[in-house]
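The values are calculated or read from the model by the stated rules, or taken from the named source; none is laboratory data. Note that the coordinates shown come from a computational prediction; the quantities given were computed from them, not determined experimentally. Using ideal geometry, Cβ is built from the backbone for each residue, glycine included, and neighbour counts are taken over all protein chains shown. In case anyone asks, the SASA skips ligands and DNA or RNA and just uses the protein heavy atoms, side chains included. Shrake-Rupley method; radii C 1.70, N 1.55, O 1.52, S 1.80 Å.
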Amino acid sequence: MKLFLPGPVSVRSEVLKQFDKPVIGHRTKEASEIQKSITINMQKIFGTKEQILVSTSSGTGLMEGAIRSCTKKRALICAIGSFGELWQRLGLENGIETDILRSDDGEATDPNKLEEALKAKEYDFVGITHNETSSGILNSLDELKPLIDKYPHIIWALDTVSSAGGTPIDQDKYGIDIAITSSQKCLSLVPGLSFASFSQKAVEKAKTVENRGHYFDLLLLYKYVKEHNYQYPSTPAISNMVAAEYQLNYIVNEEGLENRFKRHEEMSEYFKKWANENFEVFGNKKYLSPTITCVKNTRNLEFDTISQEFMKKGFLISNGYGKLAGKTFRVGHMGDTRLEDIKEFTKTFDEILNK
């Protein structure tokens with residue numbers, strides 16, 4: 001089955017074979033070397049010199065860890081869809097006063113509205129969704145950078161769950177303190193791991209925050225990595241890390257990041273052209289995601305019927321998410337998917353539409 005979902009994505013057989021290797025001890029020198037290699041390559045993917053933390057969880061775990069570890073007063077979440085709204089809930093459910101700045105459907109975060117919010121209240125943590133899988137929108141870090149520079153006391157956190165490894169992040173260039181991503185999207189790994197960068201500014205802020213929790217205490221993870229040669233306080237998913245080391249080395253040193261980013265752009269452009277010819281791409285054209293396309297269901301297709309047709313032919317796509325369910329459907333073009341895969345997919349879609 002070929003996955004054209006917003007995640008998880010199809011995983012290369014060479015990566016899956018890494019799970020055939022014997023399990024190693026998580027306190028061994030070998031484990032430290034694996035985790036050091038992951039750090040070096042994730043720094044390149046995030047575009048940072050800051051410390052990398054790895055968690056045996058989905059990205060949601062590190063999103064919760066970020067807001068809880070680095071908010072002392074009040075948090076603000078910039079939501080461009082459902083997963084920004086999730087980040088607000090994570091704050092509220094941890095007893096943190098957490099406000100939300102919602103963008104209109106299909107729009108990116110408006111810097112002017114964000115500045116109004118920052119002037120209205122005192123925030124010390126701002127979470128931004130970089131790439132929103134429910135709407136297919138990519139926030140512009142170029143537009144937000146002047147505000148990031150203007151408020152250096154704020155910890156700026158970025159949800160790059162569906163963008164890291166598929167489009168440039170350039171964390172240090174934009175002044176981002178925490179970038180978070182998951183294994184099962186643009187990195188083309190199986191679900192089960194998440195990665196975060198953690199700046200020195202975030203470290204110092206976390207030291208002032210009480211009740212950071214335990215498992216997702218980013219300061220605890222940071223200290224343990226530093227003091228124990230890239231190891232972690234709890235037993236991690238070490239076999240997943242073996243596969244991650246292999247795949248991240250492939251991404252950075254074999255395919256190369258620039259080639260990978262270009263491939264994602266080519267897939268996105270090809271599919272969006274097809275989608276506009278047959279339906280209509282959802283969202284502001286200025287901010288469309290290079291890793292996922294949200295398509296308006298202009299033909300009023302019954303999604304379950306279409307989905308069954310695709311499954312018969314060995315493909316999986318996704319319905320719209322939340323309030324966009326039924327009104328849209330979503331196609332992921334990320335990870336190790338190739339342009340020829342997208343062409344095969346659109347040819348199959350044409351056959352289904354012309355039945």
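Data table
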quantity	calculated
Set G61, G65: member being closer than 30 Å to V242 by Cα and in contact with a Leu (Cβ under 7 Å, 6 or more places away or on another chain)	G65
Some residue of the range 112-126 being buried (at least 23 other Cβ atoms within 10 Å of the Cβ) and either of a type in the set (D, E, K, R) or under 23 Å from P6 (Cβ atoms) (or both)	no
Test result for F216, buried (at least 21 other Cβ atoms within 10 Å of the Cβ) and aromatic (F, W, Y)	yes
The range 63-86 - residue that is over 18 Å from A206 (Cβ atoms) and in a helix (DSSP H, G or I) and, of those, least open to solvent (accessible area, probe 1.4 Å)	G84
Subset of the range 298-334 (residues that are within 18 Å of K273 (Cβ to Cβ) and in a loop (DSSP other than H, G, I, E, B))	T298, R299, I317, H333, M334
Candidate set from the range 219-246 (those that are in a helix (DSSP H, G or I) and under 17 Å from T181 (Cα atoms)); member that is most open to solvent (accessible area, probe 1.4 Å)	E245
Count of the range 318-332 residues which are surrounded by fewer than 21 Cβ atoms within 10 Å (Cβ to Cβ) and among the aliphatic types (A, V, I, L, M)	1
Residue that is out of contact with any Gly (no Cβ under 8 Å at 6 or more places or on another chain) and either outside any helix (DSSP H, G or I) or free of Cβ contacts under 8 Å to residues at least 60 places away in the same chain (or both), where the choices are E14, E30	E30
Restricting the range 280-290 to residues that are open to solvent by 20 Å² or more (accessible area, probe 1.4 Å) and not in a helix (DSSP H, G or I), the residue that is farthest from C186 (Cα to Cα)	E280
Selection from the range 293-346 of residues that are farther than 13 Å from L5 by Cβ, free of Cβ contacts under 8 Å to residues at least 40 places away in the same chain and of a type in the set (S, T, Y)	T298, T305
D105 open to solvent by 10 Å² or more (accessible area, probe 1.4 Å), closer than 27 Å to E280 by Cβ, out of contact with any strand residue (DSSP E or B) (no Cβ under 8 Å at 6 or more places or on another chain) and at pLDDT below 95	yes
Per-region count, the range 160-176, residues within 19 Å of L90 (Cβ to Cβ) and open to solvent by 10 Å² or more (accessible area, probe 1.4 Å)	1
Among the candidates F303, F310, residue that is open to solvent by less than 10 Å² (accessible area, probe 1.4 Å) and of a type in the set (A, V, I, L, M, F, W, C)	F310
